[in-house]
Structure formats: structure tokens, C-alpha cells
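What follows is one structure encoded as C-alpha cells, with my remarks underneath.
Any read-out appearing in this document is the output of simple, stated calculations on the displayed coordinates, not a laboratory observation. The model shown is predicted, which means the values in this text are computed figures rather than measured ones. Backbone-built Cβ (ideal geometry, glycine too); neighbour counts: all protein chains shown.
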Amino acid sequence: MIKVFYDGKCGMCSREIRHYMKISPRETFIWRDIANEPQHLKEINVSQSYALKRLHVIDQDGKIQVGVDAFIAIWSKIPRWRLLAFLCAMPGIKFTLSVLYNKFADWKFARSTHCQMAVQKL
């Protein structure tokens with residue numbers, strides 16, 4: 001099983017995760033809404049503010065994947081998305097996607113009230 005730690009208070013993030021929930025094979029993922037249930041973060045020893053900034057998963061090997069690597073881990077287990085995972089894992093593509101994802105994630109984080117409240121708790 002792959003554990004996915006996602007921001008359940010972000011509308012865009014929640015829609016995307018709900019889509020994955022609908023199309024993913026049963027018993028492939030455990031979904032953890034860390035915005036509403038931050039206690040799950042003890043499992044990966046990451047602050048809530050950092051986890052809200054980047055998607056995190058624990059893959060089938062028990063390794064923590066973050067950002068684009070987390071998406072690749074998810075997509076590789078969903079039929080019809082495996083090709084996307086393969087393409088996104090290619091070195092030049094993965095590097096470019098990582099840069100773009102990190103810029104977008106930082107922008108989203110800076111503009112999300114609930115993310116900023118998590119930072120203030122530190």
C-alpha cells in the first residue's frame with residue numbers, strides 16, 4: 001500500500017486526490033488528509049507546514065517520496081496513468097517538472113490561509 005499525505009483544505013488538491021481515489025485500484029492507497037488530521041505526520045516525521053507545501057507519499061518500499069516523485073509514485077499504480085509516470089520519470093522531464101512544481105507549490109502555499117496558520121504554529 002502507498003500512503004498519500006495530502007492537503008485536504010486545498011480545493012485543487014482535494015479535487016485531484018478525489019479523482020485518484022475514484023480511478024485507483026482498491027487497496028492500493030491509504031489517503032491521509034494532513035490539513036485536517038496532522039497527527040498522521042508523525043509517521044513521516046515532517047512538519048505540517050512542510051507537508052502542506054509538498055505532496056508526500058510513502059511508497060511500496062517504505063521510502064518517502066516528495067513532490068514530483070510523489071506524483072510519479074501515485075501515477076505508476078493507476079491504470080492508464082502509468083505511461084505518464086514513466087514519461088515524467090525521465091531525467092530531463094523530471095527535472096523540469098520538479099522546478100515547475102516547486103515554484104507552483106511555493107506560490108500556492110504563500111497564498112493559502114490555512115498553510116500560513118500552520119507556519120504560525122511553529
If you average the sequence gap of Cα pairs under 8 Å that are 6 or more apart and divide by the length of the chain, what percent do you get for the contact order?
25
Count of lysine pairs in the chain with Cα atoms under 22 Å apart, counting only pairs 8 or more residues apart in sequence or on different chains?
27
Please work out whether region 20-67 counts as rounded, prolate or oblate from its C-alpha gyration tensor, where a ≥ b ≥ c are the square roots of the eigenvalues and a/c under 1.5 means rounded, while otherwise a/b larger than b/c means prolate and anything else oblate?
prolate
Multiplying the sequence separation of I93 and S14 by 0.36 nm and subtracting their Cα-Cα distance, what value in nm do you get?
25.9 nm
Rounded to 5, the percent of DSSP beta bridges in the chain classed as antiparallel:
55
By the Cα gyration tensor axes a ≥ b ≥ c (a/c under 1.5 gives rounded; else a/b larger than b/c gives prolate, otherwise oblate), the shape of region 31-122 is oblate
Just from its helices, what would the mean residue ellipticity at 222 nm be for the chain, if runs of 4 or more DSSP H residues each count -39500 (n - 2.57) and the sum is divided by every residue, rounded to the nearest 500 deg cm²/dmol?
-15500 deg cm²/dmol
Give me S47, S24 sorted ascending by neighbouring Cβ count inside 10 Å, so fewest comes first.
S47, S24
Electrostatic dipole magnitude of the chain [Cβ: Lys, Arg +1; Asp, Glu -1; Cα centre; debye, to 20]
260
